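Report on the following structure.
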Protein chains: 4
Amino acid sequence: MSMVCLSDFEAYAKKYLPKIAWDYFAAGADDCTTRDENILAYKRIRFRPRMLRDVSVMDIRTKILGSEISFPVGIAPTGFHQLAWPDGEKSTARAARAMDTCYIASTYSTCTLEEISAAAPGGLRWFQLYIHRNRAASQQLVRRAEALGFQGLVLTADLPYTGKRRDDVRNGFRLPPHMKGDDCSEYGLPPNSLDPSVTWNDIYWLRSLTRLPIIIKGILTREDAELAVKHGVQGIIVSNHGGRQLDEGPATIDALVEVVEAVRGRVEVYVDGGIRKGSDVLKALALGAKCVFIGRPALWGLAYKGEEGLKDVLRILQDEFRLSMALAG
Amino acid sequence: MSMVCLSDFEAYAKKYLPKIAWDYFAAGADDCTTRDENILAYKRIRFRPRMLRDVSVMDIRTKILGSEISFPVGIAPTGFHQLAWPDGEKSTARAARAMDTCYIASTYSTCTLEEISAAAPGGLRWFQLYIHRNRAASQQLVRRAEALGFQGLVLTADLPYTGKRRDDVRNGFRLPPHMKGDDCSEYGLPPNSLDPSVTWNDIYWLRSLTRLPIIIKGILTREDAELAVKHGVQGIIVSNHGGRQLDEGPATIDALVEVVEAVRGRVEVYVDGGIRKGSDVLKALALGAKCVFIGRPALWGLAYKGEEGLKDVLRILQDEFRLSMALAG
Amino acid sequence: MSMVCLSDFEAYAKKYLPKIAWDYFAAGADDCTTRDENILAYKRIRFRPRMLRDVSVMDIRTKILGSEISFPVGIAPTGFHQLAWPDGEKSTARAARAMDTCYIASTYSTCTLEEISAAAPGGLRWFQLYIHRNRAASQQLVRRAEALGFQGLVLTADLPYTGKRRDDVRNGFRLPPHMKGDDCSEYGLPPNSLDPSVTWNDIYWLRSLTRLPIIIKGILTREDAELAVKHGVQGIIVSNHGGRQLDEGPATIDALVEVVEAVRGRVEVYVDGGIRKGSDVLKALALGAKCVFIGRPALWGLAYKGEEGLKDVLRILQDEFRLSMALAG
Amino acid sequence: MSMVCLSDFEAYAKKYLPKIAWDYFAAGADDCTTRDENILAYKRIRFRPRMLRDVSVMDIRTKILGSEISFPVGIAPTGFHQLAWPDGEKSTARAARAMDTCYIASTYSTCTLEEISAAAPGGLRWFQLYIHRNRAASQQLVRRAEALGFQGLVLTADLPYTGKRRDDVRNGFRLPPHMKGDDCSEYGLPPNSLDPSVTWNDIYWLRSLTRLPIIIKGILTREDAELAVKHGVQGIIVSNHGGRQLDEGPATIDALVEVVEAVRGRVEVYVDGGIRKGSDVLKALALGAKCVFIGRPALWGLAYKGEEGLKDVLRILQDEFRLSMALAG
């Protein structure tokens, strides 16, 4: 099987992962309309390619919140990497460092933050956070992440409750008992630990806990983008949780346009969801994103060959992105 | 078979109901374009989800014509419930009462109004009426319904003649001889008993028969909505009879918008047709409906497990509706 | 096999006709885009149904060029009816007379005009004409038609050359030697007898030959509609020859709108192509057609049971048309 | 197998060519969206057919850059014709001359320019050029082409790097060792010989080498069309390299419109990509192209029967084009 594009990794993962794990990673909410729209929306955007520009040398490095990365593609937070590969998030951390990009470790990691840090010292990492009913637990996580050298705090805003992913319900999805990270409350124990009463004011509380930049993830409208800026976040990830939360909202690449417009450069804007080709990265950047993050494709890379597989995925995206830039002029 | 969403009940009913009964419930007029459009139109409507709102407590109770129901989903009038479950409309009535919502009993019920009332005393019920050539028969039905405690009279306006449902014609659909409700004229005996000469003035006649509120069902245009208000109805159900009458008219959720606009709050507006998920309910409410009614999904629930199956269907819709509200902010 | 709608007749004809005959009747030019668009375009048109109108009595009779017909559906000119049924156009003429409607006999009939006339004396018939290189031949046909009591002359304007119907080319379609009407030049002998140099001025020539009203068939634009009126025709059939001539022109129901607008009532406008249901007839009339003509469905009816089959087709259309009118208010 | 339309040749080629050759000819970049869009975009363009015009005599000859051709369809530059037919480009040259049209020989030909010239002396030919890192090599090619009587120089502007054609990567596509033309660097040896730093100024350099007219190929925007005119080219081929370079740019027939508008007649504009029927040619001409060029269909013709097969393809297009003109009035 030759791995030529990201769909090849998807096909591999679908074939070789246990069904319950594949279903969990692939799941979208309800009819999966938004999950699929994330991809279709990219296809509706067309280039206006320009010719005869000198494309012999292209610099694709960029900076996010002041840190340089080798190209504008990072790893979005996704849960339970041990479902994809035995070493789990340790492999993810190593691949991200090797490819010189940013890895957002999920609260629902199956390795502890300490294990992730130890696996790839010096890598650029952000930590993704949900706010618990038990605020002390959240506070402790933030402090640990900061102490371990994570350089950003990503607050997920779109999960007051977990979306209805039918296959997970059918499969009775639970994390296998031998996998356990810092906080597997939703699927492990204890249930209902997330706080659905969180509001914008809790950004101030979070701010009081840490000096790390706060990036808010899950914004899809200009109104919320304006609120995010007003409440002092440093970055916005336009995201619909890979279509796993509310179904039939906008595709992220469509929402990006209105968020970028509302933000007017005051904070950095990123996007995740639906990136499958280097040209998708170029489109997102052309529409104002500073960087994109990949979720499922990273998991497919892990499922293929752990650290090496994820590096393959990133390399392909990098090559495709560079080629698209050259061909689009 | 795990019942996770309404489509699961549909699949069950399709598999286990006799073909002739399934076909009758599933039938749409002509090419079934409108039947299918009812569903597709919901998919074209997209949310603009808002984040970080306190969604820890949500009140989903509502009132229709002054009666409180537990959530804004009632049971639309559909015929011949014994085709789906031996106890027929008695089970429907019990499930509706148990879930604390409104059940609109059809003229074409396979239980008498007395049986329905006795099955679930105290439940909120409306009675759906066609006007007969023999006006005395209609008058008698209205009086019986009122005497039995039905709290609303739903006049169906879109059936001067029965739509052409090809499968029913092919199947030679007739109600089995052992099933018989109050008035199975169209499919039982006698045929041609409905009066195609009914006009808006007959609302006044109906008004003279009863003190019950009159709800008109089958309105799809602003012009008719204006006429309905002018003729003094208390409520409007935007409906195309589940796509079973005129094919290639508008989807109900699309028609709802213009009806709500025309009505300007003077009477309550409801909608049926195409509701398959909790998010559909939220969309209908966001577009101005006070409540929605489900037709085929209720029958699938009955076909699954009678009263319990219908309660399952309602519970799933309720949970999905609540979750959608939370995730949409 | 129960014959419930026109598609049932289509399925029958496809199953039982010799492939070469089915292919000939079904053929569209090139990719058959326009043939299929004729049908799809009807589906894009939606009703705004009105309720509570007295639809107990409906008059569906109409007049075309002064002659009354029982409902606004006539038989479009199509060739070679003996390919569908042994009695060919004689059966067509009988069915049209029995159903009290208009039959446009094609130049490419497999019965002579005399046979057609004798088969159904007194029926309302028009004669469809191509103009020959040999004008005397055309003149003779016109005079014979007039003498036989045909009441209109339909000049086909969209066939300077025959469209490219791939299946006919593959099949090497030729009329079987035992079938022969008045003028089977294109498919029989002699080839190339039609005159591609015909222009609007030839309407004057035609006018000079006959007192019959002239109806021009094949108009698709407002510009040509204006020219047709200016050159003194009595009627226009908006037609694309069933999608058999130029592929990727407009659907006839779409073209009807601009033709009706241009004509402003100065002459009668009819339409053919894509009529498959009674509601299609209603749509065409609502958009300004005085009457519609059916082509392939008539052939399917013939293929099913000759005169009786065609009567079945017309009866179904009539019933569906009447029901649509009632349900649309 | 009867060859009635170009799709028949495509089916033949797909069936009989070695998979690796078929894949190479069929390949599009990435998801092949643009390759397929080239065809779909033609289908979205509709004719407004006019009737009763004298179409008995039609002149379909045209001139491109002063040379007359028998109809406005030439052969676009495509590589490696020996993959389709043993005689390769020699057959192509012969067919083009026989049909009295223009053949643009590719830099990636599997016959030398001398062989091509000798095969069909006197034929109208242009030479397609990439600019090498080794400018002397390019200069030599230009001089050879000019000396051999090629009458135009086509500079391909859209290939600073080769697009990502997944099947070619999977197949490890390489030209078979026994095939070798003048310059098979990209697929033969040496790799990376094309210069990605080429800019508009290199047009002046090219101008200094030759008196031949320069046609630039690969323009898709009004901005680049303006630059092309400004830099003194004689012609523009609107092209996206058959969808083989940047995926998800515009279809060529859509881009043609804006290029023609920008050019305002100052230079001739041609188009390639997606031509599959004579009516496509008519559409392109109606939208301002002086002539179209066919790529893959020419290869299918070669694959069918070499010179004779390509002549068949051209003849079919010619007949269809003529018929479309007549039927569109």
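The values are calculated or read from the model by the stated rules, or taken from the named source; none is laboratory data. Everything quoted here is computed from the prediction, not taken from an experiment. Note that we place each Cβ from the backbone using ideal geometry, even for glycine, and neighbour counts take in every protein chain shown. Ligands, DNA and RNA are excluded from the accessible area calculation, which covers all protein heavy atoms including side chains. Shrake-Rupley method; radii C 1.70, N 1.55, O 1.52, S 1.80 Å.
Among the residues that make up segment C:309-323, is at least one of them in contact (Cβ under 8 Å) with a residue 12 or more places away in the chain, over 30 Å from residue B:169 (Cβ atoms) and within 17 Å of the chain's Cα centre (by Cα)? Before you say what the answer is, go through the steps one by one.
The first filter runs over segment C:309-323 and keeps only residues in contact (Cβ under 8 Å) with a residue 12 or more places away in the chain, leaving C:309-323.
This time we only want the ones that are over 30 Å from residue B:169 (Cβ atoms), so: none.
The answer is no; no qualifying residue exists.
Taking the condition more than 9 Å from chain B (Cβ to nearest Cβ), modelled with pLDDT of 95 or more and touching a strand residue (DSSP E or B) at 6+ places or on another chain (Cβ under 6 Å), does residue A:235 pass?
So residue A:235 passes the test.
Scan A:61, A:48 and give me the residue that is among the basic types (Lys, Arg), more than 14 Å from every other protein chain (Cβ to nearest Cβ) and surrounded by fewer than 23 Cβ atoms within 10 Å (Cβ to Cβ). Before you say what the answer is, go through the steps one by one.
Values: A:48 fails: more than 14 Å from every other protein chain (Cβ to nearest Cβ).
On inspection, the qualifying residue turns out to be A:61.
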message: Name the single residue that is least open to solvent (accessible area, probe 1.4 Å) among those in segment C:1-19 being without any contact (Cβ under 8 Å) to a residue 24 or more places away in the chain and at the interface with chain B (Cβ under 10 Å from one of its Cβ atoms).
response: C:8
- line: Going through (1) open to solvent by 10 Å² or more (accessible area, probe 1.4 Å); (2) in a helix (DSSP H, G or I); (3) within 12 Å of chain C (Cβ to nearest Cβ) one by one, residue B:207 fails only at (3)
task: Provide a single number: the residues in segment B:85-98 that are open to solvent by less than 10 Å² (accessible area, probe 1.4 Å) and in contact (Cβ under 8 Å) with a residue 60 or more places away in the chain.
output: 6
Failed condition for residue C:275, given (1) closer than 30 Å to residue C:323 by Cα; (2) surrounded by fewer than 20 Cβ atoms within 10 Å (Cβ to Cβ): (2)
task: Go through segment C:1-95 and tell me which helices (runs of 4 or more DSSP H), entirely inside it, have 1 or more residues that are under 30 Å from residue B:255 (Cβ atoms) and in contact with an Asp or Glu (Cβ under 6 Å, 6 or more places away or on another chain).
output: C:33-44
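For segment D:261-269, state whether one or more residues are closer than 18 Å to residue D:45 by Cα and either open to solvent by 30 Å² or more (accessible area, probe 1.4 Å) or away from chain A (no Cβ under 14 Å) (or both). Steps first, answer last, please.
Let us first name the residues in segment D:261-269 that are closer than 18 Å to residue D:45 by Cα, namely D:261.
After this cut, where a residue has to be either open to solvent by 30 Å² or more (accessible area, probe 1.4 Å) or away from chain A (no Cβ under 14 Å) (or both) as well, the list is D:261.
Within segment D:261-269, one or more residues are closer than 18 Å to residue D:45 by Cα and either open to solvent by 30 Å² or more (accessible area, probe 1.4 Å) or away from chain A (no Cβ under 14 Å) (or both).
Being crowded, with 24+ Cβ neighbours inside 10 Å and either among the acidic types (Asp, Glu) or facing chain B (nearest Cβ under 10 Å) (or both) is the filter here; which residues of segment A:240-254 pass it? So that I can check it myself, show each step before the final result.
Residues of segment A:240-254 that are crowded, with 24+ Cβ neighbours inside 10 Å, as a first pass: A:240-241, A:243-249, A:251-253.
Passing the criteria: A:240, A:241, A:245, A:246, A:247, A:248, A:249, A:251.
Can you tell me which residue within segment B:155-193, out of those that are of a type in the set (Gly, Ala, Ser) and over 21 Å from the mean Cα position of the chain (by Cα), is modelled with the highest pLDDT? Explain how you work it out, then say what you get.
Within segment B:155-193, the subset of a type in the set (Gly, Ala, Ser) is B:157, B:163, B:172, B:181, B:185, B:188, B:193.
Filter once more, so that each one left must be over 21 Å from the mean Cα position of the chain (by Cα): B:172, B:188, B:193.
Numbers: B:172: 95, B:188: 42, B:193: 82.
For segment B:155-193, the residue satisfying everything is B:172.
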- request: Using the structure shown, decide if residue B:83 is under 21 Å from the mean Cα position of the chain (by Cα) and closer than 27 Å to residue B:167 by Cα.
  value: yes
- prompt: Only one of (1) farther than 28 Å from residue C:245 by Cα; (2) open to solvent by 20 Å² or more (accessible area, probe 1.4 Å); (3) under 18 Å from the mean Cα position of the chain (by Cα) fails for residue C:70. Which number is that?
  reply: (2)
query: Which of the residues that make up segment A:20-35 are touching a helix residue (DSSP H, G or I) at 6+ places or on another chain (Cβ under 7 Å) and open to solvent by 50 Å² or more (accessible area, probe 1.4 Å)?
result: A:20, A:35
